[in-house]
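Take a look at the structure below.
The values are calculated or read from the model by the stated rules, or taken from the named source; none is laboratory data. What you see is a predicted model, and the numbers here were worked out from it, not measured in a lab. Cβ sites come from the backbone with ideal geometry, for glycine too, and all protein chains shown count toward neighbours. Keep in mind that these areas ignore ligands, DNA and RNA; they rest on the heavy atoms of the full protein, side chains included. Shrake-Rupley method; radii C 1.70, N 1.55, O 1.52, S 1.80 Å.
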Amino acid sequence: STNDCCWELLSDKSLPDGTVVWSPLQTQGKGQRGKSWLSEEGKSLSFSIVFKPKVNVSEQYFLNKAISLGVCEGVAFLGVKSKIKWPNDIYVGNKKLAGILIENSLRGRLLQDVIVGVGVNINQEEFPKYLPNPVSLKQVLQQTFDIEVVLKEFCYYIEKRYMQFMAGHFEKIDADYHNVLYRHQQMQTFQVGNERFEAQIVAVDKAGKIKLLHQGHTAVYAMGEVEFVS
């Protein structure tokens, strides 16, 4: 994966803040919680960016929100309206267009190195049948894209949001994030263990936990503790 490549490069030498690693084909792409990110050679975009924010770990999820916004804005520039599905997926309608995987190293309480991995379905028209709801830009817009041109646009918007994060504009990031949060303030079916229930998505807090309103009570869940049910 491009994330693994970045970690290997970092182990040998110090990479500049903002280094981008891109591959036309990932054979071991990584998704959230150990899942795989599948890509088709020459038809999808897989890249990673190395950031060195050196900020307190308590600000970590504002960075996640900023990166997700940057990806959303890159998609918007290409002509598609998208939403951020908690924790790190980009949806067009009810279908998954992109995924984000953020890994980091700490030095004390500081975020030292952050690797932002992004996978976007660009020109694919066929997907494995076991993937529940994938979609590509080509399927949405009925046109073929130059992947290297698309990469530059995503890097531009991600960098723009990263600079906003580094300037400490957390309230702006948080407000913009909730404006494009998938099914925000709507009812959605969730599953915790064997239990399924309907709840309203209230917010995603500064620790990255989702707040749900269920039968008059608010519950907070970390990533992996609750799942969306389609």
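Hey, what did region 90-230 get for relative contact order, percent, Cα under 8 Å, at least 6 apart? Let's see the in-between values first.
Working: 170 pairs, mean separation 17.4, N = 141.
12 percent.
Restricting to Cα pairs below 8 Å that are 6+ residues apart, what does the relative contact order work out to for region 40-104? Please round to a whole percent.
Details: 43 pairs, mean separation 11.7, N = 65.
The normalised contact order for region 40-104 reaches 18 percent.
Along the axis of the charge dipole computed for region 111-230 (Cβ charges of +1 for Lys and Arg, -1 for Asp and Glu, origin at the Cα centre), the listed residues F165, I210, L111 are led at the positive end by I210. Taking 35 Å as R0, compute the FRET efficiency from the Cβ-Cβ separation of K81 and C5 and round it to 0.05. It comes out at approximately 0.65. In the context of the full set of protein chains, the chain has a per residue accessible area of 51 Å² (1.4 Å probe).
The gain in end-to-end length when the S105 to E195 segment is fully stretched comes to 28.9 nm, 0.36 nm per residue minus the alpha carbon separation.
In debye, nearest 20: dipole of the chain around its Cα centre with unit charges on the Cβ of K, R (+) and D, E (-)? Don't skip to the answer; put the middle values down first.
Values: 26 positive and 25 negative charges, 88 e Å.
So the dipole magnitude of the chain works out to roughly 420 debye.
Expressed as a whole percent, the accessible area of the chain that falls on carbon and sulfur atoms is 49 (1.4 Å probe).
Are any of the pairs K65/K85; K65/K95; K96/K206 more than 18 Å apart by Cα-Cα distance, and if so, which?
On the way: K65/K85 11 Å; K65/K95 20 Å; K96/K206 24 Å.
Listed pairs above 18 Å: K65/K95; K96/K206.
Taking each residue as 0.36 nm, the span from Q215 to L141 lengthens on full extension beyond its C-alpha to C-alpha distance by 22.6 nm. Charge tally for L111 (other residues, Cβ to Cβ under 13 Å; Lys, Arg +1; Asp, Glu -1): 0.
So if we plug the beta-carbon distance of A222 and D12 into 1/(1 + (r/R0)^6) with R0 = 45 Å, what FRET efficiency do we get, rounded to 0.05?
Step by step, r from the Cβ atoms, then E = 0.85.
Here the label points at L25 and R183, each 7 Å from Cα along the C-beta direction, are separated by 3.7 nm in the simple model. If you find the alpha carbon centre of region 59-133 and of region 160-230, how far apart are they in angstrom? So the two Cα centres are separated by 15 Å.
Which value at 222 nm does the chain reach when only helices count, each DSSP H run of 4 or more adding -39,500 (n - 2.57), with the total divided by all residues and rounded to the nearest 500 deg cm²/dmol? Mean residue ellipticity, 222 nm, calculated: -9000 deg cm²/dmol.
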